[in-house]
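Worksheet: one structure, shown below.
Each value in this text was obtained by applying a stated rule to the coordinates, not by laboratory testing. Since the model is a prediction, treat every value here as computed from it, not as a measurement. Counting neighbours? That spans all protein chains shown, and the Cβs are built from the backbone with ideal geometry, glycine included.
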Amino acid sequence: MGQSSSNTSVDPKNKNWASSIEEFFKDFKMESQMLSSEIINLIKSNMEKGDVSGTANVISDAMNEIENATINIAVTGESGSGKSSFINALRGVGHEETDAAACGVVETTMERKSYTHPKIPNVKLWDLPGIGTTKFQPQEYLKKMNFNEYDFFIIICATRFKENDSKLATVIKKMKKNFYLVRSRVDSDLYNQRRAKPKTFRKEKTLQMIREDCLDNLRAIDVNHAPVFLISSFELSEYDFPKLESTLLEELPAYKRHIFMQCLPCVTDAAIERRKDCLRQKIWLEALKCGALATIPVMGYLSDSDVQQLEETLTFYRSYFGVDDASLEHIAKDLHLSVEELKTNLKSPYLLSVEKDDDLLGDQLLKKFEKFCYIAGGFLATGLYFRKTFYLQNHFLDAVVDDAKFLLQRAVIKGQD
């Protein structure tokens, strides 16, 4: 029978489970960690005491907080600085799509405007009019733009770091909010410099000059440690955009990283791996919760809905990594292939049917024994249920990640043609 939550003695098996929690989470980089150290310690403490319901409740509460987290990002800068292009890039929306932020037009609105991520409604990017396009003083500007609603500010400039950018950075700093200076359109700067000085042009030297100019302007307003990121909204895998992603994730509260990571484009292998790490933690927690509940008789017994849940899991993973059917149609069009041709090199679209055929959804030799354990409960059931849940979801995850990396490689090759 399962152990009572009132039993405070430390069973060696409980201690081993608790130790495994710490071991599992310590290998993830800060930017990928989705649980705070306090939550990890609380789960560990409940496991050590054999508190089954307490363990499940802590995990449930943590997962609910993670899934329901909201992110509000303020993007501001002078008119024509590339705010709209940046917002569209983060949302994965083409400039010609109906819900894209308008690019290449003169900014006339004095109001902020929100853009929801098409796949993650919990993430909103707010396009704020540049302070230079309003008549507000910096403090009044931030009040009018609902300063306290945002998790952080991104100040975008396309040429030199101007006086209005300096004023805004100063006020944000005083109000103890995070801001990041993004120097956009560096691809255009490099192109123009190469044309103007073909004999002496050096890419890295030019980028360093742009960076130093931004830093000098920040130092002039006594901002000495603000990061500067050089980006192109049309070449996200180049320059500092990957570094910007990592920095934003590291500085967000742990419970918000999972949601924010979903809106970041998978433009590098590192970005794909980071998403994978985040989902590995989610899988581990869900499996641990299922394992804990399996120590309570009957609650761990597999029902007929398991296959449906597996289908839903696979569908979510494919959407999470941009290899769902709708995404494949766009990718196939870009690569000048039919969807069927593209799918011949992928595993995830056919994964569940293959698993059914090969009977990898369950080991036939263990089925009767596992069923007995699920009904009887106990720590043996915990181990079996945890292993099965963890294995199946990670198996799906690995296949989808392989597909995402393959498609990224194809896109890179096409870009080099």
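So, by mean Cβ neighbours within 10 angstrom, what's the order for 23-31, 150-158 with the highest one leading? Before the final figure, lay out each step's value.
Details: 23-31: 13.1, 150-158: 22.3.
Highest to lowest by the protection proxy: 150-158, 23-31.
The stretch between Arg160 and Glu65, if pulled fully straight at 0.36 nm per residue, gains 30.1 nm over its current Cα-Cα span. Oblate is the label for the range 196-250, because the ratio a/c of its alpha-carbon gyration tensor axes (a ≥ b ≥ c) is 1.5 or higher and a/b is not greater than b/c. Using θ = phi - 60° in the Karplus curve 6.51 cos²θ - 1.76 cosθ + 1.60, the 3J(HN,Hα) couplings for the range 20-25 round to 5, 4, 4, 4, 5, 7 Hz; x is entered for Gly and Pro.
Which value, in debye to the nearest 20, describes the size of the charge dipole of the range 112-164 about its Cα centre when Lys and Arg Cβ atoms bear +1, Asp and Glu Cβ atoms bear -1, and nothing else is charged? Walk me through the intermediate numbers first.
Working: 9 positive and 5 negative charges, 30 e Å.
Here the size comes out at about 140 debye.
Between Asn16 and Ser53, the distance separating the two model label sites (each 7 Å from Cα on the Cα→Cβ line) works out to 2.7 nm.
What percent antiparallel are the DSSP beta bridges of the range 71-252, to the nearest 5? Let's see the in-between values first.
Numbers: 4 of 22 bridges.
Antiparallel bridges: around 20 percent, rounded to the nearest 5.
Remark: the range 316-322, residue by residue, has Karplus-estimated 3J(HN,Hα) of 5, 4, 5, 5, 4, 9, x Hz, where x stands for each Gly or Pro and the curve is 6.51 cos²θ - 1.76 cosθ + 1.60 at θ = phi - 60°. Simple point charges give the picture: +1 on the Cβ of Lys and Arg, -1 on the Cβ of Asp and Glu, and for the range 181-236 a dipole about the Cα centre of about 400 debye. Which of rounded, prolate, oblate describes the range 124-282, given a ≥ b ≥ c as roots of the alpha-carbon gyration tensor eigenvalues and a/c under 1.5 marking rounded, otherwise prolate only if a/b is larger than b/c? It comes out oblate by the Cα gyration axes. Listing Lys289, Lys135 from fewest to most neighbouring C-beta atoms within 10 Å gives Lys135, Lys289. In this structure, the amide hydrogen of Gly77, modeled 1.01 Å from its nitrogen in the peptide plane, lies closer than 5 angstrom to those of Gly130, Ile131, Ile156, counting only residues at least 5 positions away or on a different chain.
Less than 5 angstrom separates the built amide H of Phe179 from those of Phe153, all sequence-distant by 5 or more or on a different chain. For Ser233, the residues whose modelled amide H falls within less than 5 Å of its own, excluding neighbours fewer than 5 places apart on the same chain, are Arg185. Here the label points at Lys143 and Gln308, each 7 Å from Cα along the C-beta direction, are separated by 5.4 nm in the simple model. Stretching the chain fully between Arg219 and Ala326 yields a gain of 33.8 nm (0.36 nm per residue, less the alpha carbon separation).
Quick check on the range 68-197: take the gyration tensor over C-alpha atoms, sort the square-rooted eigenvalues as a ≥ b ≥ c, and tell me if it's rounded (a/c under 1.5), prolate or oblate.
Numbers: a/c = 1.68, a/b = 1.13, b/c = 1.49.
Oblate is the answer for the range 68-197, as a/c is 1.5 or above yet b/c matches or exceeds a/b.
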